[in-house]
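Notes to accompany the following structure.
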Amino acid sequence: MTTPFAFLTLEIADQLAVVTVNRPDKLNALNGTVIQELDRAFTEIAGRDQIRAVILTGAGRAFVAGADIAEIAEAADGPAGLESLSAAGSRVFTKIERLNKPVIAAVNGFALGGGLELAMACHVRLASEGAKFGLPEAKLGLIPGYGGTHRLPRLVGQGRALQMILTGAMIDANTAAAFGLVNAVYPTEVLMDVTRSMAKEMIANGPLALAHAIEVVTQGVGMSTDDALALESRHFGELGRSADMREGTTAFLEKRPPSFHGA
Ligand code: COA
């Protein structure tokens with residue numbers, strides 16, 4: 001990495017980037033610097049073809065316990081107000097959601113407010129048994145501001161989303177899994193190993209296919225069925241002209257593992 005981060009670590013090995021939010025004394029709360037550093041880290045990851053998948057996690061006992069409440073209180077009185085703070089965070093989270101490679105959240109502890117919104121911007125969420133999830137903004141006199149009002153109902157349905165937003169209460173990992181908010185729950189000590197294995201499984205697939213799949217799924221979810229199916233066919237057709245598709249099908253027929261190059 002060129003410039004070190006104040007509140008993130010970024011490790012790259014075996015085509016996998018592991019981004020860890022590293023502000024454990026504040027339970028990894030997202031201040032402006034953390035948001036900017038996430039922006040920088042994901043811009044760098046997007047530009048490096050040798051990285052094929054990303055894991056996002058938190059240092060210590062939290063994934064991320066939300067936006068930094070001290071900073072929110074200060075920004076509310078500032079000239080730009082909270083609308084620009086919300087828009088800036090949302091822009092970075094959307095960049096993560098639209099990354100051209102898979103991002104798996106390894107939710108190792110509290111995922112609250114902006115922390116849950118960050119996890120929801122990832123493509124897959126795996127949780128430790130002790131993880132806790134919630135959107136407690138209403139307890140602060142606010143609503144979720146980094147995409148929570150939009151992404152949560154899509155993941156869990158409007159009724160459950162409104163329950164979480166209106167009560168501000170935390171749910172445990174098993175309830176989050178039952179809601180469909182996380183894909184699976186694991187003992188804390190195996191969470192990272194399981195997440196790495198899932199990333200490895202993704203890395204073995206055609207990188208171009210993964211990029212197209214992410215684009216089609218994330219865009220298609222907001223479209224009419226006709227538009228989403230047309231989008232899918234267009235991308236299917238585009239992949240049909242790729243070297244990766246030739247390689248994948250040829251390798252299958254030749255009974256050997258494929259060697260993809262992302263083209
Ligand atoms: N913003 C700023 N600081 C935060 C924070 C946040 N979202 N979440 C935790 N912290 C800080 C605490 O102020 C404390 O700092 P201090 O040691 O300097 O006093 C430190 O992190 C540890 O948190 P603490 O509250 O002492 O831990 P706990 O185990 O008693 O409680 C939580 C854990 C997550 C229940 C509690 O920290 C909490 O409710 N955090 C806020 C969650 C929230 O509302 N997020 C949405 C924000 S929009």
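The values are calculated or read from the model by the stated rules, or taken from the named source; none is laboratory data. Just so we're clear, the structure is a prediction, and the values are computed from it rather than from any experiment. Counting neighbours? That spans all protein chains shown, and the Cβs are built from the backbone with ideal geometry, glycine included. Please note that ligands, DNA and RNA were not included when accessible areas were found on the heavy atoms of the full protein model with its side chains. Shrake-Rupley method; radii C 1.70, N 1.55, O 1.52, S 1.80 Å.
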Prolate/oblate/rounded label for segment 2-203 (Cα gyration tensor, a/c 1.5): oblate
Extension gain from residue 230 to residue 43, taking 0.36 nm per residue of separation minus the Cα-Cα distance: 64.4 nm
Solvent-accessible area, 1.4 Å probe, carbon plus sulfur percent, for segment 207-253: 62
Share, in percent, of DSSP beta bridges within segment 91-212 that are antiparallel, nearest 5: 15
Within straight-line cross-link reach of residue 101, aspartates and glutamates at Cα separation under 18 Å, skipping those fewer than 8 residues along the same chain: 11, 14, 39, 44, 49, 201, 215, 232, 238, 244
Extension gain from residue 74 to residue 100, taking 0.36 nm per residue of separation minus the Cα-Cα distance: 5.9 nm
Share of carbon and sulfur in the accessible heavy-atom surface of segment 2-203 [1.4 Å probe, %]: 54
Excluding exposed DSSP-loop trypsin sites (Lys or Arg not before Pro) (at most 11 other C-beta within 10 Å), longest clean stretch of the chain: 1-240
Local net charge near residue 241, Cβ-Cβ under 14 Å (Lys/Arg +1, Asp/Glu -1): -1
Sites residue 143 and residue 175, calculated FRET efficiency, Cβ-Cβ separation with R0 25 Å, nearest 0.05: 0.70
Cα centre as origin, Lys/Arg/Asp/Glu Cβ charges: the chain dipole, Debye: 380
Segment 210-248-segment 48-107 distance, computed between alpha-carbon centres (Å): 27
Accessible area of segment 2-203 divided out per residue, in Å², using a probe of 1.4 angstrom: 44
Flagged links, alpha-carbon separation over 31 Å, of 95/132; 139/200; 95/255: 139/200; 95/255
